[in-house]
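The values are calculated or read from the model by the stated rules, or taken from the named source; none is laboratory data. Source: prediction; values computed, not measured. Note that each Cβ is placed from the backbone with ideal geometry, even for glycine, and that neighbours are counted across all protein chains shown.
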Amino acid sequence: MYILFDIGGTKMRVVAADREKFLGEPVVVSTPKDFTEGFETLKRIIDNLAEKFAAEDRAVTAIVGGIAGPIDSDQTMLVKSPNLSGWVGHDIKNALHDAYKVPIDLENDAALVGLGEAHFGAGRGKPIVAYITVSTGVGGARIIDGHIDRSSLGFEPGHQIIDPDNSLCPTCEGNDLEAYVSGTAVEKRFGVKPYEIHDALVWDELSKFLAYGLNNTIVHWSPDVVVVGGSMMREVGIPIEAVRKHLSETLKIFPETPAIEKAELGDFGGLYGSLAFARMHY
């Protein structure tokens, strides 16, 4: 039995799974900002799941999960994270191994969501999938033939600069894609939660900013499909049709624009990606 987890900037999700499916509904809690509290919360959930399924003669054989931010080359800990700074520098992988004595794999959370979408969601059947999440922050990854592509320091498409001097958005605090379209940035800029914004012009402007980022992602990664997910792409959010329209006006170097699809796996994309990873390795 696998234990799968997804530690995002806002929510932590954990589930037990066999090779085919989740074993019940995922446990979802708020992510503690303090590492000690967060690790104890994660451990408590894992212990509860292990105890629950021990009665069915299921033992934990591997633990796989993601966390929001770039991780070190040994894939043991966060090296930087604007939304989980209290977790940076703490050896999550080995702490879990010490507690459970099973193989542990730690990945960037957005990379695992992309892997999930490539295997089970909007990118399935496509050799090259670019995944972009627009949520608390902005992240993403390139998936090649069902595997997370190799990188030196991970993928951080949210930190591409799209407006060097803030001429497009003088009130944006930063000049990268994350500073323009993330939920954190939008809430700070407008003073309300993104879902409380009902001005179509605001959402259209955000869709244009996102299209600029997708243009850069496409010319660098040359994907068959771009899958866009995250809380900012929900019903009250950035309209995918407007993103496609703005992108068609921006992307001129290729004879056609790759498909731009909304993610299909919702809040549990990272858990599906962890399942895909576990199935390939254990």
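From the list Ser222, Ser274, exactly one residue is among the polar types (S, T, N, Q) and buried (at least 17 other Cβ atoms within 10 Å of the Cβ). Which is it?
Result: Ser274 is the single residue among Ser222, Ser274 that is among the polar types (S, T, N, Q) and buried (at least 17 other Cβ atoms within 10 Å of the Cβ).
Yes or no, residue by residue, for (1) surrounded by fewer than 24 Cβ atoms within 10 Å (Cβ to Cβ); (2) under 26 Å from Arg19 (Cβ atoms):
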residue: Asp34; (1), (2): yes, no
residue: Ile46; (1), (2): yes, yes
residue: Pro82; (1), (2): yes, no
residue: Gly86; (1), (2): yes, no
residue: Ala110; (1), (2): no, yes
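Check Thr257 against each of (1) surrounded by 14 or more Cβ atoms within 10 Å (Cβ to Cβ); (2) modelled with pLDDT of 95 or more and name the one condition it does not meet.
Of (1) surrounded by 14 or more Cβ atoms within 10 Å (Cβ to Cβ); (2) modelled with pLDDT of 95 or more, only one is false for Thr257: (2).
Going through the stretch 138-161 one residue at a time, which ones are modelled with pLDDT under 95 and in a loop (DSSP other than H, G, I, E, B)?
The answer is Arg150, Ser151, Ser152, Leu153, Gly154, Phe155, Glu156.
Got at least one residue in the stretch 184-197 being touching a residue at least 60 places away in the same chain (Cβ under 8 Å), exposed (fewer than 14 other Cβ atoms within 10 Å of the Cβ) and either outside any helix (DSSP H, G or I) or in contact with a helix residue (DSSP H, G or I) (Cβ under 9 Å, 6 or more places away or on another chain) (or both)? Write out each step before concluding.
Taking the stretch 184-197 as the starting set, the residues that turn out to be touching a residue at least 60 places away in the same chain (Cβ under 8 Å) are 184.
Narrowing further to those that are exposed (fewer than 14 other Cβ atoms within 10 Å of the Cβ): none.
No, every residue in the stretch 184-197 fails to be touching a residue at least 60 places away in the same chain (Cβ under 8 Å), exposed (fewer than 14 other Cβ atoms within 10 Å of the Cβ) and either outside any helix (DSSP H, G or I) or in contact with a helix residue (DSSP H, G or I) (Cβ under 9 Å, 6 or more places away or on another chain) (or both).
Regarding Asp105, is this residue part of a helix (DSSP H, G or I) and modelled with pLDDT of 95 or more?
The answer is no for Asp105.
Among the residues that make up the stretch 229-240, is at least one of them β-branched (Val, Ile, Thr), touching a Phe, Trp or Tyr at 6+ places or on another chain (Cβ under 6 Å), over 14 Å from Pro157 (Cβ atoms) and surrounded by fewer than 20 Cβ atoms within 10 Å (Cβ to Cβ)?
The answer is yes; a qualifying residue exists.
I'd like to know if the stretch 164-185 contains one or more residues that are touching a Leu at 6+ places or on another chain (Cβ under 7 Å) and either under 22 Å from Ile240 (Cβ atoms) or modelled with pLDDT of 95 or more (or both).
There is at least one residue in the stretch 164-185 that is touching a Leu at 6+ places or on another chain (Cβ under 7 Å) and either under 22 Å from Ile240 (Cβ atoms) or modelled with pLDDT of 95 or more (or both).
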